[in-house]
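Undergrad: My questions will all concern the structure given below.
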Amino acid sequence: PPADIPDGEYWTRLVTSSTPQAKTIDTVRTGITANITFVLQQVTTVIYKKGYANTSVAINGLRAAPDSASLDLLASVSRGGNSPFFGRMAAVVKDRAGNTVYSSQEVLAIYTGSMIVKFAVPRSDLRSGNYTAEVKLESERNDIPGDDLLKVPTVDKSISFSMD
């Protein structure tokens, strides 16, 4: 990297693809034939840290948006600092009695700015009534060693909603 780049964490994606070998042409067969070519492609994230690297994450808003098949929990999340946020986001929906009726978790990377994270809660999991939904962002991942993750305090947000 250039010596004059600012402190922070930089990333790129390295794409490695296999190359099919040359086909052997069959001159004995006649009629219709078929060939299948497989190309293996692997995507690797490469991260470079220079100097002081920091990140922060915020949940700017959470809303419940029903459609015909699901209730979509839409969380507006943003990143601060000079480095990407790598972590996970979990969503839990509880009924009025406090029973968990839905839970899910997504691996999350926020490289720049902000994004909307959607959890689609199947309508079949929700009967008529009142619910509470909570989303939680934390800097934990199984695919990145803990010493390599920039840690941030856990951030959560909740809302209440009704289903008719």
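The values are calculated or read from the model by the stated rules, or taken from the named source; none is laboratory data. None of these values were measured; they are calculated from a predicted model. Quick reminder, even Gly has a Cβ in these numbers, built from the backbone with ideal geometry, and neighbours come from all protein chains shown. We work out accessible area using only protein heavy atoms, side chains counted, and drop any ligands, DNA or RNA first. Shrake-Rupley method; radii C 1.70, N 1.55, O 1.52, S 1.80 Å.
Undergrad: Out of contact with any Leu (no Cβ under 8 Å at 6 or more places or on another chain), open to solvent by 40 Å² or more (accessible area, probe 1.4 Å) and more than 16 Å from Asp156 (Cα to Cα): is that true of Ala109 in this structure?
TA: Numbers: out of contact with any Leu (no Cβ under 8 Å at 6 or more places or on another chain): yes; open to solvent by 40 Å² or more (accessible area, probe 1.4 Å): no; more than 16 Å from Asp156 (Cα to Cα): yes.
Criteria not met by Ala109.
Undergrad: Among Arg88, Arg79, Arg123, Arg63, which is in contact (Cβ under 8 Å) with a residue 40 or more places away in the chain, charged (D, E, K, R) and closer than 17 Å to Glu140 by Cβ?
TA: From the options Arg88, Arg79, Arg123, Arg63, the qualifying one is Arg88.
Undergrad: Specify which of the listed residues (Gly51, Gly8) is surrounded by fewer than 11 Cβ atoms within 10 Å (Cβ to Cβ) and touching a Gly at 6+ places or on another chain (Cβ under 8 Å).
TA: Values: Gly8 fails: surrounded by fewer than 11 Cβ atoms within 10 Å (Cβ to Cβ).
Being surrounded by fewer than 11 Cβ atoms within 10 Å (Cβ to Cβ) and touching a Gly at 6+ places or on another chain (Cβ under 8 Å) holds for just one of Gly51, Gly8, which is Gly51.
Undergrad: With the structure loaded, tell me whether Val46 is open to solvent by 40 Å² or more (accessible area, probe 1.4 Å), among the hydrophobic types (A, V, I, L, M, F, W, C) and part of a strand (DSSP E or B) or whether it fails that test.
TA: Yes; evaluated as a whole, the condition is true for this residue.
Undergrad: Another question, if that's okay. Is segment 82-98 home to any residue that is at pLDDT below 90, assigned to a loop (DSSP other than H, G, I, E, B), hydrophobic (A, V, I, L, M, F, W, C) and loosely packed, with under 10 Cβ neighbours inside 10 Å?
TA: So far as segment 82-98 goes, no, none of its residues is at pLDDT below 90, assigned to a loop (DSSP other than H, G, I, E, B), hydrophobic (A, V, I, L, M, F, W, C) and loosely packed, with under 10 Cβ neighbours inside 10 Å.
Undergrad: Which one of these is among the hydrophobic types (A, V, I, L, M, F, W, C), open to solvent by less than 80 Å² (accessible area, probe 1.4 Å) and part of a strand (DSSP E or B): Ile59, Ile116?
TA: After ruling out the rest, the residue left standing is Ile59.
Undergrad: Continuing with this model, one more query. Phe86 versus (1) within 16 Å of Met163 (Cβ to Cβ); (2) touching an Asp or Glu at 6+ places or on another chain (Cβ under 9 Å): which is the lone unmet condition?
TA: Tallying (1) within 16 Å of Met163 (Cβ to Cβ); (2) touching an Asp or Glu at 6+ places or on another chain (Cβ under 9 Å), Phe86 fails exactly one: (1).
Undergrad: Of all residues in segment 119-148 being β-branched (Val, Ile, Thr) and over 16 Å from Met163 (Cα atoms), which is most open to solvent (accessible area, probe 1.4 Å)?
TA: Only one residue fits best here, namely Ile144.
Undergrad: When only residues in segment 7-43 that are touching a Ser or Thr at 6+ places or on another chain (Cβ under 6 Å) and part of a loop (DSSP other than H, G, I, E, B) count, which is modelled with the lowest pLDDT?
TA: Checking each candidate, the answer is Pro20.
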